[in-house]
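The values are calculated or read from the model by the stated rules, or taken from the named source; none is laboratory data. Bear in mind the structure is a predicted one, so any value in this text is a computation, not a measurement. Because the Cβ atoms are built from the backbone with ideal geometry, glycine has one as well, and the counts that use them run over all protein chains shown. To get the accessible areas, we keep the full protein, side chains included, count just its heavy atoms, and leave off ligands, DNA and RNA. Shrake-Rupley method; radii C 1.70, N 1.55, O 1.52, S 1.80 Å.
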Amino acid sequence: MALYSEKVMDHFRNPRNVGVIEDANGIGEVGNAKCGDIMKMYLKIEDDIIKDVKFETFGCGSAIASSSMATEMIKGQPVAEAEKLTNKAVAEALDGLPDYKMHCSVLAEEAIKSALEDYRKRQEK
Ligand code: FES
């Protein structure tokens, strides 16, 4: 069996939603303690809906594929739904990741959570 699913390879080679949102109203940056890789997530939220999402990563192929898939999963969704996204759901949507690469998908989940937290803080102000 190939180490990586076709979906992982597809999202790694053609990552969706890479880049920066200049007028983002939720930005999150997280680092992976295990490998030192970094991910930054930008959200543009209007009326509680994630209108746009982009990411930048200094990370491995699995982190790129996970973030790409994760952004596709939350785009157009209400904030409450995006908050429920887990790294397991992202890995499942990618048809699985090798066990020792699961921590890479955590980076995507945490970056989204951190961006949503930033959005909430800005709303409170
Ligand atoms: Fe660092 Fe995958 S090895 S995120």
Mean residue ellipticity at 222 nm from the helices of the chain, using -39,500 (n - 2.57) per DSSP H segment of n ≥ 4 over the full residue count, to the nearest 500 deg cm²/dmol?
-> -14000 deg cm²/dmol
State which helices in the chain qualify, where a helix is a whole DSSP H run, it must extend 15 Å or more along its own axis by its Cα atoms, and its mean Kyte-Doolittle hydropathy must be at least -0.5.
-> 61-74
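Let me know the charge dipole size of the chain about its Cα centre in debye, to the nearest 20, where only the beta-carbon of Lys, Arg (+1) and Asp, Glu (-1) is charged.
Values: 17 positive and 22 negative charges, 34 e Å.
The dipole magnitude comes to about 160 debye.
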On the accessible surface of the stretch 10-68, probed at 1.4 Å, how many percent belong to carbon and sulfur atoms?
-> 48
Per residue solvent-accessible surface (Å²) - the chain, probe of 1.4 Å = 53
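Could you put ASP48, ASP99, ASP37 in order of accessible surface area, largest first, with the 1.4 Å probe and the full protein assembly present? The partial results should precede the final answer.
On the way: ASP48 80, ASP99 140, ASP37 30 Å².
Putting ASP48, ASP99, ASP37 in descending order of accessible area: ASP99, ASP48, ASP37.
With the alpha-carbon atoms as the only input, what is the per residue convex hull volume for the chain in Å³? Walk me through the numbers on the way to the answer.
Numbers: hull volume 11.5 nm³, N = 125.
Each residue corresponds to 92 Å³ of Cα convex hull volume.
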Could you rank GLU46, GLU29 by how accessible they are, 1.4 Å probe, largest area first?
-> GLU29, GLU46
Let me have the relative contact order for the chain, percent, based on Cα pairs under 8 Å that are six or more residues apart.
-> 33
